[in-house]
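Please treat every number below as a calculation from the coordinates, not as lab data. Just so we're clear, the structure is a prediction, and the values are computed from it rather than from any experiment. Cβ coordinates were reconstructed from backbone atoms using ideal geometry, including for glycine residues, and neighbour counts include every protein chain displayed.
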Ligand SMILES: Cc1ncc(C[n+]2csc(CCOP(=O)(O)OP(=O)(O)O)c2C)c(N)n1
Ligand SMILES: [Mg+2]
């Protein structure tokens, strides 16, 4: 649930807390991945916190988001529970997907989270579809797709935006331009200078905002949401941001310089927002320390929860294929039950 | 169940496969306003193969939508819509276009429920036309249902009769899982008795014994169901042929097929998809797993001989599996 | 050789006003084309001119150099690229020392950034930005031609330029002293954050100071212009304070943004002389210059003062008319000789 905005002091503190939570969650996820406790890949959101939180603050609690492979930040911004997220990363039965999804597939449709996605560019059609449901049933919601600068080159992204704009669906497409798709810089993937310029191709408004400034992201998404909810159709927003870690944990990062990384860190979104709240007398250094300590505790608790949670029983591999049981899967499951799966 | 038993006591009407599908769609649009048909020219134009017909006039744009020519986009939108409270029915004009939308099919539609630990429903129906025989050449004549039947998380049906065409279309729309309805375009004009009851459905996962026999079992799909029935009639007196419409490819009604095989000891599998690594092989594998010791002869496959569908009539006729092929296969083993 | 400076702001004309109002997008393709037109316009005069262009990361300068007419001597200014307004200021500072005229493509914000550093160098300001007051919406080729006749002294710059004003702002709040300079306007918005910078919701304007005013302008200058126009080169300015139109003694209908004609409640309107400050006591707001929110203030005393030392703006029509009147645009030689 996204029950915070940036309108009041309490809301702003909540937004800062979420940014800190994301950073702490992903910092710890990186550690446990390096230790080998988290299998697979993890794509960390560190550096991009203002985009996810600014966006979700501008959305209503019931709105949908379709996420990406770099989705932990979106989940926390949207209000998913770090305990269940961390348990999912650890492959535990109590995780959001009962251990079947992992980092790249965390989903909670009831919270409006349509899923992280391992396929670059696959989220926008899903958001268009969610917007179609909303519009068909005349519901007071919007659907927003996050996508990367890399994803913006995908054909299905074009199809999704074209369809949503042709049908005036209540959708928002938010490009997180973190300057690279894996190791390839954005200039080598696109001919346009600003990715939001592509909006012109759909006759919808497009705008580029500073993704290191949570208030800028928030305002743009607010406007996009207004348009969507008014029946004016989708909006394309590009947030310029940067990921501090490698594309995945363990990436050598020979495609960028330390200076470049430092330049972005100098504009760190959390530092900047914190400084503004202090300037506004809404936060003191001491209160910030306290908030940071609380966040660390929240994530420490999540890790403890994940550690303590049970691994799924191998039998659960056969669950959730369909809404009902089909004889084929029954048969495999039964064999596994009797012989531990040896005769597959 | 036998086809006759299925229809016994039902009020029926004679109609074509095309009309049967349309009636199924109409009844479901009527029953549930969250059912949304979408696809290329399915609306005002009535469908390139005229299946949706006047549904657009009857139900309006809200329920029958023309999409941009963007299979990945609208199939993806159907997935997103299915996860968020509506029941989309997307049409792929020709199943050959499925490749364009395959990403959304294999990585989103098929996997979401599983990957999310059951946290979503996926009530989406994909209707796709298949089959050669009209000189539409290789990119508009394919039979690709094996891909879908093979892919975990998807259900696939391929009716061979008008009754099944309606019953399976309705079952697909009511299912909370992704179901592909493969319509062979050469049988759109084939007539049959179709129950008029609005709640008549053909359960997914049930085969239909279209004709009972003692000597050999023909498991057929789509157009080859009708052609096999003709062959069976022609052979009657000499050979007693049992013809089963598999109807549902995944899940597959192994039980009905195996039961028949136990009785006849001989089997021919007739399906238009390419022969190698395919639907035939799966049916045969299951048959031998369950009834190896009932077999009296090697099981035969009738299908497209691993080519694409060529354009010119003699070429197309050469590779298109038909009744003659079924008859040859029967004669080889009885 | 006469020397021309060229500044093209790659990010002008694409801010959030495209989302919130009726502003149109000026994409890089359009900016590149306009830039090449400017260069072409420079060839209107016989004398060969040299041009230096501000570098950027979007390929505008690169493209201009590639497409420039062969008779121009063109190069990029040697400077680091920060992709912020600092680039414009740095290039302008360089041009103050080297250029005979400068052409700026951008909006009010770009012109202000250039003006802050440009000193007395004549400025041709071409609009590629959003609801602009200072830059003129003139064809790039014509703008280039005007710059050329001034830089080559075909016409006397003195006679075809006007001195624009500026507004100096000093704000004192809990966090100390903050400064800001505006060219045409300083606006106060009832928003807690700078956010996307552009003025998102004009109804949140609380007032401000203008150095010029006309009802045919857009924004704060339009409001002030509805009461009393002030020519760009007229001395002083005006201070405005707004309130709820149901409670203020007067109100005006003004064009606050493209596509946004609004009723503004007018608490007060006060004419200011050069160097006469207007003082505002403000809480929790953002002040902006020339349509862009810049400085967040908590509890502040703000003085806004019109000053006379703005840029020398070229009157494009006037410059070319003067050139024509002098006969400088006619050649007596047959074309073959001239080649
Ligand atoms: C269809 C597809 N192609 C390639 C990949 C491999 N891959 C994973 S993330 C990624 C880069 C994506 O870049 P971008 O969209 O900019 O997102 P970012 O990682 O920068 O957040 C690639 C190529 C994939 N997952 N899916
Ligand atoms: Mg990227």
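Rounded to the nearest whole Å³, what is the per residue volume of the convex hull around the Cα atoms of the range C:137-226?
Spelled out: Cα convex hull of the range C:137-226, divided by residues, is 156 Å³.
Pick from B:36, B:315, B:168: which is most flexible by mean-square fluctuation in a GNM of chain B where alpha carbon atoms under 10 Å apart are linked?
It is B:315.
Give me a single rounded figure for B:101-113: the average over its residues of other chain Cβ atoms within 10 Å of their Cβ.
4
Taking the range C:185-253 as the region of interest, what is the percent of Cα-Cα pairs per 10 angstrom bin, listed from the shortest bin to the one with the maximum distance?
21, 50, 26, 3
Compute the separation of the alpha-carbon centres of the range B:51-105 and the range C:231-259 and state it in Å as a whole number.
53 Å
What is the diffusion coefficient of chain C in µm²/s, taking the Kirkwood radius over Cα pairs and the Stokes-Einstein relation at 10 °C with a viscosity of 1.306 mPa s?
D, rounded to a whole number, is 77 µm²/s.
Given the range A:1-63, what whole percent of its Cα pairs are spread farther than 14 Å?
For the range A:1-63, the share of Cα pairs beyond 14 Å comes to 60 percent.
Quick one: if the Förster radius is 41 Å, what FRET efficiency do residue C:75 and residue A:257 give, using the C-beta to C-beta distance and rounding to 0.05?
0.95
Computed over the Cα atoms of chain B, what is the ratio Rg over Rh, Rh following Kirkwood?
With Rg and the Kirkwood Rh in hand, the quotient comes to 0.96.
Determine, at each q value in 0.06, 0.12 (inverse angstroms), the log₁₀ of I(q)/I(0) that the Debye formula gives when each Cα of the range A:9-311 is one equal point scatterer.
-0.18, -0.74
Which log10 I(q)/I(0) values does the range B:3-195 give at q = 0.20 Å⁻¹ under the Debye formula, counting every alpha carbon as one identical point scatterer?
-1.50
Above 22 Å lies some portion of the pair distances; for the range B:13-100, what is it as a whole percent of all C-alpha pairs?
Here the tail beyond 22 Å accounts for 22 percent of pairs.
Report the semi-axes of the equivalent ellipsoid for the range A:106-239 in whole Å, largest first, where each axis is √(5λ) for an eigenvalue λ of the Cα gyration tensor.
22, 16, 15
Give, to the nearest whole percent, the P(r) tail of the range C:158-199 beyond 12 angstrom, counting all Cα pairs.
For the range C:158-199, the share of Cα pairs beyond 12 Å comes to 73 percent.
Using only helices, what value at 222 nm comes out for chain A when you add -39,500 (n - 2.57) per DSSP H run of length 4 or more and divide by the total residues, to the nearest 500 deg cm²/dmol?
One gets -14000 deg cm²/dmol as the mean residue ellipticity at 222 nm.
Which of B:302, B:275, B:48 moves the most in a Gaussian network model of chain B with Cα springs under 10 Å?
Ranking B:302, B:275, B:48 by mean-square fluctuation puts B:48 first.
Compute the orientation-averaged projected area for the range C:43-136 from the convex hull of its Cα atoms and round it to one decimal in nm².
That works out to 6.3 nm².
Provide the FRET efficiency to the nearest 0.05 for the residue C:204-residue C:86 pair, computing r from the beta carbons and using R0 = 30 Å.
Efficiency for this residue pair is about 0.60.
Rank by packing, highest mean first: peptides B:180-189, C:215-224, C:298-307, A:64-73, with packing defined as the count of other Cβ atoms within 10 Å averaged across residues.
Taking the mean over residues of other Cβ atoms within 10 Å, the ranking is A:64-73, C:215-224, B:180-189, C:298-307.
Could I have the simple spin-label model distance between residue A:110 and residue C:276, label points 7 Å from Cα toward Cβ, reported in nm to one decimal?
Result: 6.8 nm between the two label points.
Quick one: give the max-minus-min coordinate of the C-alpha atoms of the range B:286-329 along each principal axis, largest first, in Å.
Cα extents, longest axis first: 44, 19, 10 Å.
Taking every pair of Cα atoms in the range A:186-240, average 1/r, invert it to obtain the Kirkwood radius, and report Rg/Rh to two decimals.
1.01
Tell me, what is a quarter of the convex hull surface for the C-alpha atoms of the protein assembly as shown, in nm² with one decimal?
49.9 nm²
For the range C:279-324, which semi-axes, largest first and in whole Å, follow from the square roots of 5 times the eigenvalues of its Cα gyration tensor?
The answer is 38, 12, 6 Å, longest axis first.
Antiparallel as a % of all DSSP beta bridges within the protein assembly as shown, to the nearest 5?
Antiparallel: roughly 50 percent of the beta bridges in the protein assembly as shown.
Between residue B:191 and residue B:293, take the C-beta separation as r, use R0 = 51 Å, and let me know the FRET efficiency to the nearest 0.05.
Step by step, r from the Cβ atoms, then E = 0.80.
In square nanometres and to one decimal, what's the mean projected area of the convex hull around the Cα atoms of the range C:244-339?
Result: a mean projected hull area of 12.3 nm².
How would A:307, C:164, C:179, B:140 line up from fewest to most surrounding beta-carbon atoms within 10 angstrom?
Lowest count first: C:179, A:307, B:140, C:164.
Using the 10 angstrom Cβ neighbour count as an exposure proxy, how do A:270, C:81 rank, fewest first?
In order of increasing Cβ crowding within 10 Å: C:81, A:270.
I need the per residue convex hull volume for the range C:40-196, using only the alpha carbons, in cubic angstrom as a whole number.
Convex hull volume per residue, Cα atoms: 135 Å³.
For the range C:166-307, treating each Cα as an identical point scatterer without solvent, what Debye log10 I(q)/I(0) comes out at q = 0.17 1/Å?
Taken in order of the listed q values, log10 I(q)/I(0) reads -0.84.
Would you calculate a helix-derived [θ] at 222 nm for chain B, using -39,500 (n - 2.57) for each DSSP H run of n ≥ 4 and dividing by the full residue count, to the nearest 500?
For chain B, the value works out to -10500 deg cm²/dmol.
How would B:147, C:274 line up from fewest to most surrounding beta-carbon atoms within 10 angstrom?
Least to most surrounded, the residues fall as C:274, B:147.
Measuring from label point to label point, each 7 Å out along Cα→Cβ, what is the residue A:34 to residue B:139 span in nm?
In this crude spin-label approximation the distance works out to 5.2 nm.
Modelled label-to-label distance, residue C:263 and residue A:294, 7 Å Cα→beta-carbon offset: nm?
Label-label distance for residue C:263 and residue A:294, simple model: 4.5 nm.
How big is the convex hull of the Cα atoms of the range A:217-334, per residue, in Å³?
Dividing the Cα hull volume of the range A:217-334 by its residues yields 266 Å³.
What is the Rg over Rh value, at two decimals, for the range B:190-334, using alpha-carbon atoms and the Kirkwood definition of Rh?
0.97
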